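The values are calculated or read from the model by the stated rules, or taken from the named source; none is laboratory data. Just so it is clear, the model here is predicted, and its values are computed rather than measured. Here the Cβ is made from the backbone with ideal geometry for all residues, glycine too, and neighbour counts use every protein chain on show.
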Amino acid sequence: MNTENQVEKINRLEFLKKMGLSGASLMAVYCGVTMSSCKNEDNTTPANTGKTVTYDITTVKNGDLKNKGGFFVDTANNIVIANTSDNGYVAVTLVCTHAQNKNIVYSTNKFACTVHGATFDNTGRNLTVAPSPLTTYKVTQAGNILTVTL
């Protein structure tokens, strides 16, 4: 999804809020036929293939992973890796189970979808609107190298 489309969707949501729509009525209108914000983008959840991907946490690109609460979004593999305060490193799919949007981030000790606000705990278990948990992947650490098994 390109940045231009994302800005457009945010502006539509703000418009609907300013029109006085809220709660269930807002979601009904926002996810309606004329708007594409709830549209399934594709099934882009990585399959459990056994493929491994490595991340060096000493590089600038992956440096946030050194800190508790830091995360890295790997769009090439559709995963998010986070350094959690309770489980060490956790990797989950980038694709939200609520509406298949590729917008999962890590914030305040949980995973969250920036599109509809679905939240997931550090094990990927759904806490709010999502119908199912996020797919999780095994993460191992050897020194400064994290290996995620898809």
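Structure summary
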item: Residue in segment 108-116 that is buried (at least 19 other Cβ atoms within 10 Å of the Cβ), in contact (Cβ under 8 Å) with a residue 24 or more places away in the chain and within 23 Å of residue 56 (Cα to Cα) present; result: yes
item: Within segment 52-70, considering residues that are part of a loop (DSSP other than H, G, I, E, B) and among the β-branched types (Val, Ile, Thr), the one farthest from residue 144 (Cα to Cα); result: 60
item: Number of positions in segment 43-61 that are at pLDDT 95 or above and among the polar types (S, T, N, Q); result: 4
item: Count - residues of segment 72-93 that are surrounded by fewer than 23 Cβ atoms within 10 Å (Cβ to Cβ) and either over 12 Å from the mean Cα position of the chain (by Cα) or in a loop (DSSP other than H, G, I, E, B) (or both); result: 11
item: Strands (runs of 3 or more DSSP E) wholly inside segment 107-150 that include at least 2 residues being among the polar types (S, T, N, Q); result: 136-142, 145-149
